[in-house]
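Structure record follows, encoded as structure tokens.
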Amino acid sequence: MNYNVEQLVLRNLLTNEPYLRKVLPFIKPDYFAGVYKQLFLSIGKYVAEYNHLPTEEAFKITIDENSKLNDEQYTHAMEILPHIFKKDSKLDEKWLLDKTEKWCQDRAIHNSVMESITIIDGKHASLTKNAIPDLLQKALAVTFDTQVGHDYIENAEDRYEFYHEQEERIPFDLDYFNRITKGGVPNKTLNIALAGTGVGKSLFMCHVAASCLTQGRNVLYITLEMAEERIAERIDANLLDVPIDQLENLSKNMLMTKVDDIAAKTNGKLIIKEYPTGAAHTNHFRALLNELKLKRNFIPEIIFVDYLNICSSSRMKAMGGAINSYTYVKAIAEELRGLAVEFNVPIFSATQTTRSGYTSTDPGLEDTSESFGLPATADLMFALVSSEDLESLGQIMVKQLKNRYNDPTQYKRFAIGIDRSKMRLSDITEPEKDLIDDKPVFDNSKVNERFKDFKME
């Protein structure tokens, strides 16, 4: 326990009102020990009741009336109060806030570790071992959010700057995807491809991952469906320009030469990590990200999770019991988006269509498998549609389902080229009229048909 920091925090809580208003909501009593904890509780009680800082005399009376200090602790409190009420010389505000935030993070981690030990020893009153990852996750996520909201009038200039600043985005190598996203996907976002089995979910993600690598990006590809080698095989077919069934015919020298050529043209890295189906959740991914940073100095700029429905949920596992699929899939999506925000990256994933969506040539949000709550969490969601006619043309259709980056009614449907042998997508030339679609994103007719025989008694 660093008592110097504790005194620094308490001193500024009692003498620096702007500091108090910013940090008090984020500091917990359990971050303090002994007499310092009681002093903090007394500060909180006084400010809550009177809405301003106490004088030294008023604070002493508050302690006398409300504290649970024993004689020894009371004597100690009276000894340190003059030091606490001695206002610091002008401190750098940012340094003070950073110091306080770091101290809170350290205390939160310490407390969560101690609570985890209690759980492991079987002495916790209510929590089981399944709750430990969630406890540690919450502790690691402790941070100050001092922004209290956007003032429409006073912050007009800030809005102007926001409208004109260039947000960092990761572009596609596909023209219409850049059009619908205004140049690519920004950080802290969750982007979802909806498709039936065998339509091209993994192909799409492998293609975009390969494209990001050639841009010089660090790419992390998490697979829960196929082996690491199978994903690497698809990316080989894409980047080496070799049909996937012909890769085995390449000599070792030719393969290494082609890979060396790619390496020479990019500063990025591509890491592929396999987890058992249904076994991994965001806590596993978070641990992987921290390990990659520590052991390989690798920080991804974009993450692919193949695919969402076969992930696990850290929150739901900690809760235990039977969970319906709607809640479960929605929880996975929320956790993935939270991971994107935490690590400041875009995340791409995919989801299956419902049974009716398998054969539909015009899927909508109602065709999202297992969870209608998933589209509410995603920033970009689109369907990949295949048919015999499209396959004969070497094309696949894309339909926008949700878009927070741009107007989803523009280019609602468009076609892109697909080469399944080389696991590649490409732009095609299409008449403008073919890109116009007036059908609603959510087709109520399907829902009405599905429940036509349902009656209320």
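Some points to look at:
- Among residues of segment 29-56, those that are under 24 Å from Asp98 (Cα atoms) and free of Cβ contacts under 8 Å to residues at least 12 places away in the same chain, counted: 1
- For segment 57-88, a tally of residues being over 17 Å from Phe40 (Cβ atoms) and touching a residue at least 12 places away in the same chain (Cβ under 8 Å) returns 4.
- A search for C-beta distances below 7 Å between a residue of segment 410-425 that is in contact (Cβ under 8 Å) with a residue 40 or more places away in the chain and any residue that is of a type in the set (Lys, Arg) and crowded, with 16+ Cβ neighbours inside 10 Å, counting only pairs 6+ apart in sequence or on different chains, returns Met423/Arg234.
- Residue within segment 262-275 that is assigned by TED's automatic domain parsing to the domain that holds Ser349, among the aromatic types (Phe, Trp, Tyr), in a helix (DSSP H, G or I) and in contact (Cβ under 8 Å) with a residue 24 or more places away in the chain present: no
- Residue ID - surrounded by the fewest Cβ atoms within 10 Å (Cβ to Cβ), chosen from residues in segment 280-308 that are over 13 Å from the mean Cα position of the chain (by Cα) and of a type in the set (S, T, N, Q): Asn297
- Those residues of segment 187-198 which are buried (at least 18 other Cβ atoms within 10 Å of the Cβ) and either in a strand (DSSP E or B) or on the phi > 0 side of the Ramachandran plot (or both), in sequence order: Thr189, Leu190, Asn191, Ile192, Ala193, Leu194, Ala195
- Only one of Glu229, Glu167 that is out of contact with any Ser or Thr (no Cβ under 8 Å at 6 or more places or on another chain), modelled with pLDDT under 95 and either part of a helix (DSSP H, G or I) or within 15 Å of Leu380 (Cα to Cα) (or both): Glu229
- Matching residues in segment 233-256 - criterion: being part of a helix (DSSP H, G or I) and either crowded, with 16+ Cβ neighbours inside 10 Å or of a type in the set (Lys, Arg) (or both): Glu233, Arg234, Ile235, Asp236, Ala237, Asn238, Leu239, Leu240, Ile244, Lys252
- Some residue of segment 431-454 being at pLDDT 55 or above and of a type in the set (Phe, Trp, Tyr): no
- Set Ile347, Ile332: member being modelled with pLDDT under 90 and buried (at least 23 other Cβ atoms within 10 Å of the Cβ): Ile332
- Matching entry among Val142, Val113 (being among the β-branched types (Val, Ile, Thr), surrounded by 11 or more Cβ atoms within 10 Å (Cβ to Cβ) and not in a helix (DSSP H, G or I)): Val142
- Looking across segment 40-66 at every residue that is of a type in the set (A, V, I, L, M) and in contact with a Leu (Cβ under 9 Å, 6 or more places away or on another chain), the one that is surrounded by the fewest Cβ atoms within 10 Å (Cβ to Cβ) is identified as Leu53.
- Candidates in segment 284-324 are the residues that are in contact with a His (Cβ under 9 Å, 6 or more places away or on another chain) and not small (Gly, Ala, Ser); of these, the one that is modelled with the highest pLDDT is Cys311.
The values are calculated or read from the model by the stated rules, or taken from the named source; none is laboratory data. Not measured: the values here are computed from a predicted model. Ideal geometry is used to build each Cβ from the backbone, glycine not excepted, and the neighbour counts take in all protein chains shown.
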